[in-house]
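The values are calculated or read from the model by the stated rules, or taken from the named source; none is laboratory data. Since the model is a prediction, treat every value here as computed from it, not as a measurement. Please note: Cβ atoms are built from the backbone with ideal geometry, for glycine as well, and neighbour counts cover all protein chains shown. For the accessible areas, the whole protein counts, side chains as well, though only heavy atoms, and no ligand, DNA or RNA atoms are used. Shrake-Rupley method; radii C 1.70, N 1.55, O 1.52, S 1.80 Å.
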Amino acid sequence: MNVYDFDGTLYDGDCMVDFYKFCLKRKPYMIICFPWQFTGWWGHRRGKLDIRAMKQRYYKFFKYVDVEEMSKQFWDSHMDRIFPWYLEQQKEDDLVISASPEFHIREACSRLGIKYFIASQVDTGTGRCLGPNCRDEEKVRRFREIYGDTEVEAFYSDEDHDRPMAEIAEKAYKVKDGVVTEWIL
């Protein structure tokens, strides 16, 4: 099984940052969430908030939009941001594992024909995180919880914090600006 991070790896950018901008253009009153989001970001940068608390503040805008419907609209216009290298090597048993919310990754994976994915669980009505953010060691924990000792042939990511997942793979690859190179661990 080949396993892929999503943002910056399969998708050119951060799909939740782009999704927020997409929603803000259509629902400008969402700007009311900005002070809360900024203090979350600032608190995280200063080490006062963990990633989960920061993301819950960021996702506060979910209260103001139908995120599932907006996600469909978003992917209608953003599927061209999937890197071509992935489409050329895609396999039926590929797995995407992402820190982005499950509803948003599900929609993208469905359009790509990817049946298997693991992502952060977030309440689509409130933006409240329903579990740990799916990154770092949490990716390995969630993978093992679902797939047990299934062999990871190759893991692809653009982020150093995905090292725990890379370490359980037979081969690991770094992706930078759509260019894939071997990840020397």
TODO: Report those helices (runs of 4 or more DSSP H) wholly inside segment 100-168 carrying at least 1 residues which are open to solvent by less than 30 Å² (accessible area, probe 1.4 Å), touching a helix residue (DSSP H, G or I) at 6+ places or on another chain (Cβ under 9 Å) and within 18 Å of Phe61 (Cβ to Cβ).
DONE: 102-112
Open item on the list: Looking at segment 1-35 only, could you name the residues that are under 17 Å from Val65 (Cα atoms), in contact (Cβ under 8 Å) with a residue 12 or more places away in the chain and of a type in the set (Phe, Trp, Tyr)?
Closed with: Phe19, Tyr20, Phe22, Tyr29
